[in-house]
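Asks: One structure follows; several queries about it will come next.
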């Protein structure tokens, strides 16, 4: 019989890399010889496990050996080279050495429980610190990964009457480009959505940047193929497009002959003139660039056409000098155009700051303050760990006393204890960085999903700066966990400990401070942990709840139309181009939209794969809304929340299989202007009318402006039906009011929901895009997604938050439990001799135990009592929490756990105390 | 010239080498210590001790021929040098001196 005699490859590689070269072959041979022997005995699995154990043992020991010999060699060289330097070294003997490092590693292995708990807690604290640091750094960093990127600025006008509101228009662009000398390559862009139609591919809505030719000069990037947009293209309104590298690879199969090909972007045909190099995504995260050109009619309305304007600071110019020049231009513009430029303050900001709308030092200060606050988490955890380390240091008081007696200075001993903590914190930093790396990747993905796109300069990853920050946190952690206990342990009591050495090892006197620490530790755990447990429960429930309908069969999209106005606007979303057109053109566009949208819905409904289509205009009202119930006191008003009103098509309820609990649903007779029927859900009916019937009640919406007196009260509406609770967005249904969607009143964008006959609607998505493009290429399907996918993505984020909270909670619980265990165990150990002597003198063991446990219980009960008071107080302050929400179980669980841990900690030493021989106890005395 | 004494483990390794006959290398040394003391020892610790003993000139080593069951790797055979024998003798004498007269006291304590 042949036996596979090759040791595990990975283990062998690890072993060979850990062994010194001169002894590698013989040890490898010896271990292989033993491995073959073990395999010959028949149990290959156990042989492999043995080989792994030996590998780890050899690796660890030879690592320590290597550190030792290096330290020795260095010391020899120093001593040989300069006796004077050697003398100075002995003076500087307090500095950590290789021996300290070796001892520190040994301590980590020697106390595995303490090391595990401390490293778990510290690594999570460091991970949280690193994540927040990375996010804050990404937001406030002004560097842009472009040539001279740190000198790129964005310019706009702050509206003085509306703080936080910024605007810039075609008029500003024209004026600034010609007058500014402190800013070069002044460029403008606006981002629009266009349906890309290319042969043999499904139409797709893409971001298209209308960018001035100077934008390419600003980014200082040459095209990979062809050319970029020129001023002539801009002036001549040429239908040309430059595409990005990724788009070229993905949609055009990296075809080198792509230049000159024609593609349809919405309602227009464009010719591809260039391909930009890999990584070029300026201005935000873009892949299609077309010239920014305006006709005479648009130029006539230049004061209202919004544009984002950017440029590069000229040599010697600063944001301050550019701001000053822009302010001077602003004064001239206010005089020339009082209708559009009064009450504006020109603003020059670093490009990246403008993206996040950070316009003053205060916001940056707040971000750093937040960072500091998060850093405090580490301080709290480190303080907890320092208690554990202190308990361990206390048991080593004898060793410290002997070292002091042999001539070690206090600084030397402190430095050794610091090195031990540093080893622990450095390990925690490595684990924390790995954790943070995983989480940052997820955060990047989630942010990408939430915002649609992330700017090209945001890369949440472990950069050298972030790693440096983690090491700094490790140093802070080591200072707290190492130096404080070390100073305490090497204080004046060292002499006393030395004197006691001949008696019973040594012990530190801890007294009242120790009792206070135990009580405080239990109290903090009982105060804080129920909150975390409660929060984690909520997050888990929301991320695992049932959505209540077959979301896999539902496709959702927002239907809009080119230039007909869209809700989303800004750097990330597409910009509202309704201002590019006159009022008459706009109303014609809206009429066309209604017509095309209705046609699109009709065609989709008649498709054999479709079970139903419903329109659902959410948030279509732009004013604040509140409701007054006619039959109830005037004071009964629900707070304004426009998300609660849904304008739905007549088939909406049927499509989601929503039964009516009372009354009726909408019919075609309700879908006309002036209709008064509304349907509410059960939560709304219950909240507003209690047990009384909601049917027949009347309500009306009152449009208000900025919180002043109600204006424009709408007509009285009547509740004609109550529908089962349902919410396609939230797992916990909110109160909802449904009104019939009237086709003639709908404005773009319009949300539509398509239910397909198949269980997976994903396959129908390309066809839906084709249907829309066939009705009108200008019709846009934005955010087309299967409902189940949207739910999955939004849950992903809450799930990560949940995991984070649970991980932090478990580590906090472990730390608290370990802290209490260490302190209780230490206290009872101190009484071991007392217990021995009492039992030697004939005391009843039960009575002795009772006295030990009475003291332990008193401390724990006191801690729990203080903790409960703390929870109640925190609950009141926060206005929610475990007590407020009736989740007392979390409180009971944490209290019971702390009590159990405390009692278990007392059992071991008490039992050992009882087992002690009376003679031994007396001799110790 | 002053010299350092032998540690417990170093003594154990040197004595195991002396007990063994034939090709003395890591594998039989570990077996010998475990057999005689009845304790499990860390194999890595034995190899590191052998390296240190060689560095101090207390043992010397040479490579034997390779064998197929060892994947063609040679054995590192060791023997105790005169200096090592001398230190072993000194250690034994020191321990003997310390034990002298302890026997009755041990009985008393028991």
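All of the numbers you see were taken from the coordinates with simple rules; none came from a lab. These figures come from a predicted structure and were not determined experimentally. Ideal geometry is used to build each Cβ from the backbone, glycine not excepted, and the neighbour counts take in all protein chains shown.
Asks: Any chance you could check the Cα centroid distance between segment A:868-909 and segment A:403-442 for me, in angstrom?
Replies: Comparing the Cα centres of segment A:868-909 and segment A:403-442, I get a distance of 32 Å.
Asks: Also: As a check on your grasp of the helix formula, calculate [θ] at 222 nm for chain B: sum -39500 (n - 2.57) over DSSP H runs of n ≥ 4, divide by the residue count, round to the nearest 500.
Replies: Calculated at 222 nm, the ellipticity per residue is -18000 deg cm²/dmol.
Asks: Please work out how much length the chain gains when fully extended from residue A:339 to residue A:874, using 0.36 nm per residue of separation minus the C-alpha to C-alpha distance, in nm with one decimal. Show your work: numbers first, answer last.
Replies: Values: separation 535, 0.36 × 535 = 192.60 nm, distance 5.30 nm.
Residue separation times 0.36 nm, minus the Cα-Cα distance, leaves 187.3 nm.
Asks: Using a simple spin-label model with points 7 Å from Cα along the Cα→Cβ vector, what separation in nm is obtained for residue A:158 and residue A:599?
Replies: Rounded to a tenth, the inter-label distance reads 4.9 nm.
Asks: For residue A:297 and residue A:724 in one chain, what is 0.36 nm times their gap in residues minus the Cα-Cα distance, to one decimal in nm?
Replies: On the way: separation 427, 0.36 × 427 = 153.72 nm, distance 5.18 nm.
Answer, rounded to one decimal: 148.5 nm.
Asks: With springs connecting C-alpha atoms under 10 Å apart, model chain B as a Gaussian network and identify which of B:74, B:28, B:82 has the largest mean-square fluctuation.
Replies: Fluctuation is largest for B:74.
Asks: Just grab the label-to-label distance for residue A:70 and residue A:552, each label 7 Å out from Cα along the Cβ direction, in nm (one decimal).
Replies: About 5.6 nm, to one decimal.
Asks: Between residue A:232 and residue A:366, how high is the FRET efficiency from 1/(1 + (r/R0)^6) when r is the Cβ-Cβ distance and R₀ = 35 Å? Nearest 0.05.
Replies: Once rounded, the FRET efficiency stands at 0.15.
Asks: Let me ask something else. What is the Cα convex hull volume of segment A:109-196 when expressed per residue in Å³?
Replies: On the way: hull volume 23.9 nm³, N = 88.
It comes to 272 Å³ per residue, whole-number rounded.
Asks: Could you give me D for segment B:1-83, from Stokes-Einstein at 25 °C and 0.890 mPa s, where the hydrodynamic radius is the Kirkwood radius over C-alpha pairs? Units µm² s⁻¹, please.
Replies: Reported coefficient: 183 µm²/s.
Asks: Follow-up. Per residue of A:20-29, count partner chain C-beta atoms within 10 Å of its C-beta, then hand back the mean as an integer.
Replies: Numbers: counts 1, 0, 2, 8, 1, 9, 14, 6, 3, 15.
Other-chain Cβ atoms within 10 Å of each residue's Cβ, averaged: 6.
Asks: If one takes the longest principal axis of the Cα atoms in chain B, at what angle in degrees, from 0 to 90 and to the nearest 10, does the Cα axis of helix B:8-19 lie?
Replies: Roughly 60 degrees, rounded to the nearest 10.
Asks: Can you tell me what share of the DSSP beta bridges in segment A:227-287 is antiparallel? A percent to the nearest 5 is fine.
Replies: Once the DSSP bridges in segment A:227-287 are tallied, antiparallel ones form about 50 percent.
Asks: Based on the Cβ-Cβ distance from residue A:106 to residue A:318, what FRET efficiency comes out when R0 is 56 Å, to the nearest 0.05?
Replies: 0.50
Asks: Okay, next question. Per residue, how big is the convex hull of segment A:363-473 when only Cα atoms are used? Give it in Å³.
Replies: Output value, Cα hull per residue: 133 Å³.
Asks: Now for a separate question. From the gyration tensor of the Cα coordinates in segment A:126-168, what semi-axes in whole Å does the equivalent ellipsoid have, largest first, with each one equal to sqrt(5λ)?
Replies: 28, 19, 5
Asks: Would you mind calculating the relative contact order of segment B:1-80 from Cα pairs under 8 angstrom and at least 6 residues apart, reporting the percent as a whole number?
Replies: So the answer I get is 30 percent.
Asks: Another one. Residues of B:38-49, mean number of Cβ from any other protein chain within 10 Å of their own Cβ, rounded to a whole number?
Replies: 4
Asks: Take every DSSP beta bridge whose two residues both sit in segment A:226-383, then give the antiparallel share in percent to the nearest 5.
Replies: Numbers: 7 of 11 bridges.
Within segment A:226-383, antiparallel bridges account for around 65 percent of the total.
Asks: I'd like the mean, over residues of A:30-39, of how many other protein chain beta carbons sit within 10 Å of each residue's own Cβ.
Replies: 5
Asks: Say each of residue A:10 and residue A:331 gets a label point 7 Å from the Cα, pointing the same way as Cα to Cβ; how far apart are those two points in nm?
Replies: Placing both labels 7 Å along Cα→Cβ, they lie 7.2 nm apart.
Asks: Ok, one more. Stretch residue A:471-residue A:834 to full length: gain in nm at 0.36 nm per residue minus the Cα-Cα span?
Replies: Separation in residues times 0.36 nm, less the Cα-Cα distance, equals 126.1 nm.
Asks: Pairs of Cα atoms under 8 Å, at least six residues apart: use those to get the relative contact order of segment A:195-247, whole percent.
Replies: 23
Asks: Would you list A:556, A:692 from fewest to most Cβ contacts within 10 Å?
Replies: In increasing order of surrounding Cβ atoms, one gets A:692, A:556.
Asks: Right, another one. Can you put A:48, B:76 in order, fewest other beta carbons within 10 Å first?
Replies: So the ranking, lowest neighbour count to highest, is A:48, B:76.
Asks: Quick check: Cα centre of segment A:220-264 to Cα centre of segment A:1-68, how many Å?
Replies: 59
Asks: Counting other beta carbons within 10 Å of each residue's own, what order do A:794, A:363 fall into, fewest first?
Replies: A:363, A:794
Asks: Another question, then. Taking 35 Å as R0, compute the FRET efficiency from the Cβ-Cβ separation of residue B:39 and residue A:814 and round it to 0.05.
Replies: So the FRET efficiency works out to roughly 0.55.
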